[in-house]
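The values are calculated or read from the model by the stated rules, or taken from the named source; none is laboratory data. Worth saying up front: this structure is predicted, and the values here are computed from it rather than measured. Here the Cβ positions follow ideal geometry from the backbone for every residue, glycine too, while neighbour counts run over all protein chains shown.
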Amino acid sequence: MANHGESLDRNLALELVRVTESAALAASRWMGRGDKNGADGAAVEAMRAALSTVAMDGVVVIGEGEKDEAPWLYNGEKIGDGTPPKVDIAVDPIEGTTPTALGRGNALSVIALSESGTMFNPGPCVYMEKIAVGREARGRISLELSATENIQEVAKAKGIPVSEITAVILDRDRHKELIEEVRESGARIRLISDGDVAGAISTAWPASGADILLGIGGTPEGVVAAAALRSMGGEIQGRLWPRNNTERQAAVDAGYDIGRILTTEDLVNSDNCFFAATGVTDGELLNGVRFNSSGAVTQSLVMRSKSGTVRKIESFHNLNKLRRYAKIGS
């Protein structure tokens with residue numbers, strides 16, 4: 001296992017940022033054009049092409065869906081050049097296709113990677129209840145507590161009043177009661193339209209001003225966020241949330257414990273995982289892609305859990321070489 005981990009470090013530590021940059025550059029040309037499928041297709045194609053050159057023997061655990069629905073980056077697809085190390089991969093070429101299509105903020109291209117067999121497979125459950133915090137409040141939260149109690153625990157951990165705590169919540173009808181409870185607790189709320197990977201990460205990013213993520217969001221996004229939070233010293237918990245009886249029964253038949261609280265380590269069971277994200281549109285964490293006369297500028301986060309290193313990278317891309325990512329226009 002030690003040699004396996006060293007190989008993983010050596011081959012892949014900074015390779016992933018090239019992958020997310022490729023996807024973000026491709027997607028950014030569709031910003032505001034009202035075509036989320038076009039944006040997603042461009043990002044998927046660019047990400048897959050970049051991944052094919054990476055020295056690894058990878059399998060997509062969390063991707064664009066099953067093979068029948070997604071021709072590329074589907075769950076179970078083999079990725080990389082086939083050489084060691086063996087790894088699990090979670091991809092979201094655009095986390096926030098709707099914001100990209102509408103020209104709104106907080107869209108990212110993201111990828112997470114860990115040793116083979118260590119990533120949680122969501123199975124039939126698309127959604128789960130989530131709670132996420134940064135390093136200071138790690139070990140103080142639980143899905144067994146109410147939202148109010150969790151907010152109070154985070155305030156105690158940070159040594160600030162509840163009125164200075166900011167909770168990040170997806171703006172969805174299903175969160176009406178949660179939003180009311182958080183308001184009654186006295187905490188502040190930041191409602192986000194999409195992008196709860198970015199929302200979870202923001203709780204561990206001091207400059208973001210976020211303290212806790214609450215609510216029901218995507219299960220795949222929870223796994224991706226877990227890889228990032230392992231690197232940042234934060235914590236995420238999840239509990240599967242079937243949308244209907246059919247989905248619940250499918251999960252039970254597949255052996256999933258619906259009531260179980262999944263920890264950060266359950267979601268990514270490796271202390272040697274990697275995460276990379278590149279901004280597609282401007283957000284609290286990262287700037288989106290900026291084009292200028294000489295090329296384009298991207299901002300990315302790159303993380304490695306084994307060392308706890310978090311890098312923020314600004315890259316300048318030559319315009320002529322960038323043209324191969326363009327799938328529209330001249």
Q: Of the conditions (1) farther than 17 Å from residue 130 by Cβ; (2) surrounded by fewer than 24 Cβ atoms within 10 Å (Cβ to Cβ); (3) touching a strand residue (DSSP E or B) at 6+ places or on another chain (Cβ under 9 Å), residue 263 clears all except one; give me its number.
A: (1)
Q) Among 216, 192, which is the only one that is over 14 Å from the mean Cα position of the chain (by Cα) and modelled with pLDDT under 95? A) 192
Q) Pairs under 9 Å by beta carbon, first residue closer than 20 Å to residue 318 by Cβ in the stretch 19-45, partner part of a helix (DSSP H, G or I) and among the acidic types (Asp, Glu), six or more apart or different chains? A) 23/45; 26/45; 27/40
(Q) Can you find, within the stretch 269-304, the residue that is nearest to the chain's Cα centre (by Cα) among those that are hydroxyl-bearing (Ser, Thr, Tyr), crowded, with 22+ Cβ neighbours inside 10 Å and not in a strand (DSSP E or B)? (A) 281
Q. Quick one: how many residues across the stretch 78-100 are of a type outside the set (Val, Ile, Thr) and under 19 Å from the mean Cα position of the chain (by Cα)?
A. 7
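When the stretch 77-121 is examined, which residues are found to be touching a Lys or Arg at 6+ places or on another chain (Cβ under 6 Å) and closer than 19 Å to residue 281 by Cβ?
Scanning the stretch 77-121 gives 97, 98, 101.
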**Q.** Tabulated pairs, the stretch 215-235, first in the same structural domain as residue 201 (by TED's automatic domain parsing), second of a type in the set (Asp, Glu) and assigned to a helix (DSSP H, G or I), C-beta under 6 angstrom, 6+ apart or interchain
**A.** 217/196; 221/196
Q: Kindly list, by first and then second residue, each pair from a residue in the stretch 168-193 that is assigned by TED's automatic domain parsing to the domain that holds residue 155 and of a type in the set (Asp, Glu) to a residue that is in a loop (DSSP other than H, G, I, E, B) and surrounded by 12 or more Cβ atoms within 10 Å (Cβ to Cβ), limited to pairs with Cβ atoms under 7 Å and residues at least 6 apart or on different chains.
A: 171/193
Q: Would you kindly identify the strands (runs of 3 or more DSSP E) lying entirely within the stretch 23-142 that contain at least 3 residues that are assigned by TED's automatic domain parsing to the domain that holds residue 241?
A: 127-133
